[in-house]
Amino acid sequence: MSGELSVLAIIVGIAHSGLRLATPYLYAAIGEMFAQRSGVLNLGVEGIMLMGAYSGFFVTFKTGNLLLGLLAAATVGALMGLAMAFVSVTLQAQQGISGIGLFMFGLGASSLLFKTTLGTVEGVEGFPELRFCLSSLGLNSNYCLSQIPILGEIFLRHNILVYGAFALVPIAWWVLNKTTWGLSIRAVGQNPQAADSLGVSVARVRYVTVTLGGMLAGIAGASLSISLLNIFQENMTNGQGFIAVALVYFGSWAPLGVLAGAMLFSLVNALQLWVQVLGLNIPSDVAVMLPYLLTIITLAFPFRRALQPAALTKPFERGES
Amino acid sequence: MSKRLFWPLTLLVALALIAAQCAAPATEAPPPAKTEEAAPAKTEEAAPAEGAALDIEPIRIAIVMPSTTTDLAWSQAIFDALLRIQEEAGGEDVVEIAYSETMFNVTDAAAALRDYAADGYDLVIAHGTQYGSSLFEIAPDFPDTSFAWGTATDTGEGEGLHNIFAYEARAEQGGYVNGVLAASLSKSGVIGVVGPVEAGDAKLYIDGFVAGAKATNPDITVNVSYTGSFGDTALAAEAANTHINAGADVLTGSAQQVVGAIGVAKEKNVPWLGTQSDQSPLAPDIVVATQLYDWHDTLLDMIKKHQAGELGGTAYQLTLKNGGLTMLYSDSLPEEAVAAAKEAEAGIISGEITIDIE
């Protein structure tokens, strides 16, 4: 037992870890939320994340340019989203199956590319932790805002992609609820026939949301490979893409709900790590189970069903009713 | 649903299959006998090629493993040894290697093992404790094939099986040495261990590590955490972060997930002690010592026994004494620490130090 650790230090540690762990979930789940709100269930998020992680890493590794890497991840993610949109919207394929196909493609392709282009696990310099130092403003001081007790230690010691993930939440809320385009997305997901009769192109809206969702999933992958872990390993997402899909259900298809779900899951995960590190007398298997257990319990509440977009997983065809 | 979904689905499945064929992900029904090198038609005359340093007949070896050949850990250790044997023996004409990786799903692995045996491979290796019960069902159906299984000590002789080799790494030995080293290096008196699943090879290593650290400094704190997975790189990274926040100034860990933890160690400049494969290329200044698994002699002996008509029955162990386990030390380590570690090595080899594992 580490007696000299204060409770406060542990709380700061949990909160700081929680924000880091939540980052890939936020990107992926917010993107998936847009797709689902328009009526498309994309189960391929995991595969897109892997391809995003690979492309972001590879480009950064070769060029040393993080922004190029991020751009590559976003582009590859968007292209895979576009492929999913083509299959599910234009060709009206069964969404669950095509999503799984996309996942397997991403898993296989990222492993193959890794083997042929890298061959072994390598590291890169990822996005650095920002410290918000006064010296960077030209002030003659060594003080960094990250040194502010508690708040600074929790919130001001992250890299830019972590802040990006959290900034995405209010942006997504605003787009979805305050813009015409958001209204179209909701209409298309709830009642595509009505939206269509009002002149909204169901196909176009779905194409845009699924492609956007793919782009964000690609960035989610990059947030692992070039900002949090700074390596690429085969299958490194280890199921996070599927948890992101679950978080959309957990969050009742709303940005704030997704945020709450991602934070709950990540904070409990950070907590269970501390429980183990402090040597509290709980079997590691039980500790590891905690975040999943909590998620399942929350998902079991029946009222959530009512919030599901009515047209989710249903291909739209004009004239059908 | 419309008929239109038929061909796009077919296309997607075909694409997925192509990709899967190239990389064999765990979710895919196991493609039989994916051979890395195009298997050349093997003729009797093509036997012991000139320059073959090893005195072995041509052999076909297949291996099924839970992670990838590039995992810098459990699977890579044995795969590298196979490749070395192939090279020394004179190339793929003499030693043909087929492998299936990321077979974490035991049902898939069992199907792959059976396919390889049916395909006429001479030695089929099940590189995971979890494959054992499946192997015991498959082995009797192929009495002319040799099987190998590890981490394991049971060759199935008790159940009347005669074509299974068992192998294990006595990971607690190098774990103990790494523990001694960690206790000598730590100034804070806190060491962090990023474990995968509390079982098998990882548990042996970690138990040995804790014993070595405590033997060197009884007051030292060794914090052990498990991620509950072998491949959760992100959680392993966060576990390393948590250990550092809890005061740890030396870290270790096991399984392929540790590359995430090593990344954090590198960022925070905390020394890392490795095991299984050499992880130092990832962070040369950070990975200061490694317990290396060398399966070369074990595998070679299996091949020779197989070709002499002895298809199984031997249980192998990698130990410091037989050279199956070797310790690599970085030049950057302080001399006293290396001296203490080498003393522990000598003690384990001579039998003066015995390691109590629960």
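The numbers here are math on the coordinates, done by the rules we state, and not lab data. Note that the structure is a prediction, hence the values are computed from the model and not measured. Don't worry about glycine lacking a Cβ; one is built from the backbone with ideal geometry, like all the others, and counts go over all protein chains shown.
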Order the peptides B:116-124, B:332-340, B:319-327, A:75-83 from the highest to the lowest mean number of other Cβ atoms within 10 Å of their residues.
-> A:75-83, B:116-124, B:319-327, B:332-340
Any idea what the dipole of region B:157-237 comes to, in debye rounded to 20, about its Cα centre with Lys/Arg Cβ at +1 and Asp/Glu Cβ at -1?
-> 440
Order the peptides A:130-142, B:151-163 from the highest to the lowest mean number of other Cβ atoms within 10 Å of their residues.
-> B:151-163, A:130-142
Label model pair A:Ala203, B:Glu336: point-to-point distance (7 angstrom along the Cα→beta-carbon line) in nm is 7.7
Dipole axis of region B:94-238 (+1 Lys, Arg; -1 Asp, Glu on Cβ), positive-most option in B:Gly128, B:Ser188, B:Gly150 = B:Ser188
Which one of A:Gly123, A:Ile10, A:Ala300 has its Cα pushed farthest toward the positive end of the charge dipole of chain A, where Lys and Arg give +1 and Asp and Glu give -1 at the Cβ?
-> A:Ala300
Indicate, rounded to the nearest 5 percent, the antiparallel portion of the DSSP beta bridges found entirely in the protein assembly as shown.
-> 20
Quick one: if you stick a label point 7 Å off each Cα along the C-beta vector at A:Lys178 and B:Glu198, how many nm between them?
-> 4.9
Geometric extent, Cα atoms of region A:143-215 - Rg, Dmax (angstrom) | 18.6, 60
Where nothing but the Cβ of Lys and Arg (+1) and of Asp and Glu (-1) is charged, how large is the charge dipole of the protein assembly as shown around its Cα centre, in debye to the nearest 20?
-> 4300
Starting with the fewest neighbours, write out A:Leu151, A:Leu294 ranked by other beta-carbon atoms found within 10 Å of each beta-carbon.
-> A:Leu151, A:Leu294
Rounded to two decimals, the Rg over Rh value of region B:191-231 from Cα coordinates and the Kirkwood Rh reads 1.00
To the nearest 500 deg cm²/dmol, what mean residue ellipticity at 222 nm is calculated for the protein assembly as shown from DSSP H runs of n ≥ 4 alone, each contributing -39,500 (n - 2.57), summed and divided by the residues?
-> -16500 deg cm²/dmol
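Need one value for B:221-231: mean number of C-beta atoms belonging to other chains within 10 Å of its residues' C-beta atoms. Please list the in-between numbers first.
On the way: counts 4, 1, 7, 4, 11, 7, 8, 9, 3, 1, 7.
For this peptide, the per-residue mean of nearby foreign Cβ atoms is 6.
Quick check on packing: order B:67-79, A:85-97, A:168-180 by the mean number of other C-beta atoms within 10 Å, highest mean leading.
Descending packing order for the listed peptides: B:67-79, A:85-97, A:168-180.
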Which entries in the list A:Lys115/B:Lys305; B:Lys214/B:Lys266; B:Lys203/B:Lys342; B:Lys266/B:Lys321; A:Lys62/B:Lys342; A:Lys178/A:Lys314 go over 30 Å, if you measure between the two C-alpha atoms of each?
-> A:Lys115/B:Lys305; B:Lys266/B:Lys321; A:Lys62/B:Lys342
Between B:Tyr329 and B:Lys187, with labels modelled 7 Å along Cα→Cβ, what's the label distance in nm to one decimal, could you check?
-> 2.1
Any helix of chain A counts here only if DSSP assigns it H throughout, its Cα atoms span 27 Å or more along the axis, and its mean Kyte-Doolittle hydropathy is at least 0.5, and such helices are A:7-37, A:66-85, A:95-117, A:202-223, A:255-277
Zone reached by a paramagnetic label modelled 7 Å from A:Ile148 Cα along Cα→Cβ, restricted to region A:7-31 with backbone N below 20 Å, covers A:8-20
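What does the extension gain come out to for B:Glu343 and B:Thr129, with contour length at 0.36 nm per residue minus their alpha carbon separation?
Additional length available on full extension: 73.9 nm.
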Averaged over peptide A:221-232, how many Cβ atoms belonging to another chain are found within 10 Å of each residue's Cβ?
-> 4
At a Förster distance of 51 Å, what's the computed FRET efficiency of A:Tyr163 paired with B:Ala118, Cβ-Cβ distance as r, to 0.05?
-> 0.40
Let me know the volume per residue of the alpha-carbon convex hull for the protein assembly as shown, in Å³.
-> 179
Between the residues A:Gly52, A:Leu216, A:Cys144, the Cα farthest towards the positive end of the dipole of chain A, that dipole coming from +1 and -1 charges on the beta-carbon of Lys, Arg, Asp and Glu, is from A:Leu216
Calculate I(q)/I(0) for region A:74-212 by the Debye formula, one identical point scatterer on each C-alpha and no solvent, and give its log10 at q = 0.11, 0.12, 0.14, 0.17 Å⁻¹ to two decimals.
-> -0.71, -0.80, -0.92, -1.04
Shielding of B:275-288 by other chains, given as the mean Cβ count within 10 Å, works out to 1
Alpha-carbon centroids, region B:235-253 and region B:148-212: separation in whole Å | 20
